[in-house]
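**Q** Structure incoming, see below.
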Amino acid sequence: MVKKYSLTSIGSLLVCYPLAAQAAGIASGAVPDMKMHVFEAPASEPPLTDSRENSIGRNGSMHMVIFTEPPSGGPATTNQGQAISLAANGPAVAENYQEPEHYNDSPEFQFDYYIEGGYRQDDLDWTIAAPSGSPDVLSELQWKDVESAMVETGIDITYADHWHAEGKFAFGQTVDGRNQDSDYGQDNRQGEFSRSNNVADDGATIEVSGALGYHFDIGSKKFAPRLRLTPKIGYAFHTQQFNTTNGFQTIPALGHFGGLDSTYDATFFGPWGGLGSQLFLTDRLSLQGSVEYHWVDYEGTGNWNLREDFQHPKSFKHEAEGEGIVASAGGRYRINPAWTISLSADYQKWKANNKGIDTVFFSDGTVGETRFNGVNWDSYGFNLGMAYRF
C-alpha cells in the first residue's frame, strides 16, 4: 500500500521520502525496502517564483510519495495521499531578526564627536619671598571662588575596536570671583602691612589636550555588565587668565581706590599618563571614570597696572616645575546608535613649587630676581553634554 503526502512547496520538486512502516500500511513484521526518488513536477504545477508574498513559494507544491517495491521486482505503484501545508503567512523569522546594537561588528574607524556645557569654580594662590630670603613670604596673591561658564568640545577615535585617540578643547568665561593681595614684613606671614580685597569677575580659561591609548575589554561585548579599561599617554595645556578690578584697601583701611585693572595668567603644560574606565551596565547605560597624572612646567605672567616702577604689559613672570591630578566621573545614556547624552563631574589639583623663580621687569630696564615659592590651583566643575557617533 502506498500513501502520498502533498506539501505546499518551496519549489517545484517532488521528493520521495521514507516514512515509518505503519504510514505505509504495513500490518506485520516485515518492512519492505523503501526508495527515495527526486523527479520533476507535472506540467500542471505552477512555476517557481522568488516572491516572498507567500513566505516560501507561491502556491507551488512539494509532494512526498512513499512507495514499496513488490517482492517480485515489479514496478512500484503510488496513490494520491493527504496534502500537508508547510507555508507561513508572514516573512521568515530570519528576515525579521536584527541583532542587538552592541552585537554588530564595529567599523574599522569609529568617531565620537561631543560638545559639553557646564559650570566650573577655581581657586589659585601663589607667593614669593624677599630677595634676601626673609620674609619667606613677602607677597601673596589669592583668587577665590572664581566661577566660569564652560564649553568643551572634542573627538574620540577608535581604530580596530581597541586603539584609541582623543583630542579636546575647552573654553570658559569668568563670571564671578574675588581676589586678595597681601604683603608681609616678617616670616611666616607675620607683620601684614598691606592688604587689598578686589573683584575678579572677568577672565577666561583655556584647555587643550590630546592622548593615545588602548582599550582592554573585560567581559564579552555581547553581554552586560562589562568593563573597558584604557591606559593613555598625552600632552596638555591649561591656562587661567585673571583680571582684577574694583580695588578696596583693607590694610591700612583706606577703602576704595580707582584705576585697578591688573592681570595675571597662570599656565600649566606638559605630558601626562592616565587610565580611563567605562562600565557598561546595559546596552545603553554606562558609567565613566578617569584619572590623569601630569608632569608640568609652570609659567605665570602679570601686569600690575598701578605699579609705575614696573614695565607694562609684562611686569613680572614666574617659572617653576610641578605636577597635576585631573579626575573625572560620570554617566552616559545612548539614545540611539548615533546620539548619546552625558553628565559628568571634574576635579583638578595642580601645584608647582620646584625650582621656582620670580623675575621682575622694572620700568628703568633693570631686571630683578627672587624666589618663587610656588603656586596652587584647585578646580571642580559639572558638565552636561551630547555626543554624536559617525
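**Q** Rounded to the nearest 0.05, what FRET efficiency do residue 299 and residue 216 have when you use their Cβ-Cβ distance and R0 = 56 Å?
**A** On the way: r = 36 Å, r/R0 = 0.65.
Rounded to the nearest 0.05, the efficiency is 0.95.
**Q** If you don't mind, there's one more thing I want to ask. Return the FRET efficiency for the residue pair residue 277, residue 201: r is the Cβ-Cβ distance, R0 is 35 Å, and the value is rounded to the nearest 0.05. Can you show the working numbers first?
**A** On the way: r = 37 Å, r/R0 = 1.06.
So, using R0 = 35 Å, E works out to roughly 0.40.
**Q** My understanding is that a pair violates if its Cα-Cα distance is over 28 Å; which of 144/232; 144/168; 168/314; 232/317; 232/314; 168/222 do that in this structure?
**A** Details: 144/232 32 Å; 144/168 26 Å; 168/314 30 Å; 232/317 32 Å; 232/314 37 Å; 168/222 30 Å.
Distance filter (> 28 Å) returns 144/232; 168/314; 232/317; 232/314; 168/222.
**Q** Related question: In whole Hz and in residue order, list the ³J(HN,Hα) couplings for the stretch 346-355 that follow from phi through the Karplus curve 6.51 cos²θ - 1.76 cosθ + 1.60, θ = phi - 60°; x for Gly and Pro.
**A** Computed from phi, the couplings for the stretch 346-355 are 10, 9, 9, 9, 10, 8, 9, 9, 10, 6 Hz.
**Q** When the Karplus curve 6.51 cos²θ - 1.76 cosθ + 1.60 is applied with θ = phi - 60°, which whole-Hz ³J(HN,Hα) does each residue of the stretch 286-300 get, with x for Gly and Pro?
**A** 9, 10, 10, x, 7, 9, 10, 10, 10, 9, 10, 9, 10, 9, x
**Q** Further question on the same structure: Just to verify a number: FRET efficiency for residue 189 and residue 333, C-beta to C-beta distance, R0 = 41 Å, to 0.05?
**A** On the way: r = 49 Å, r/R0 = 1.20.
According to the calculation, E is roughly 0.25.
**Q** Sticking with this one: Mean separation of Cα pairs under 8 Å and 6+ residues apart, divided by the residue count of the stretch 106-389: what relative contact order is that in percent? Numbers along the way, then the final one.
**A** Details: 899 pairs, mean separation 49.3, N = 284.
Once divided by the residue count of the stretch 106-389, the mean separation gives 17 percent.
Just so you know, all these numbers are worked out from the coordinates, no wet-lab data involved. What you see is a predicted model; the values in this text were computed from it and never measured. A quick note on method: Cβ atoms are made from the backbone with ideal geometry, for glycine too, and the neighbour counts reach across all protein chains shown.
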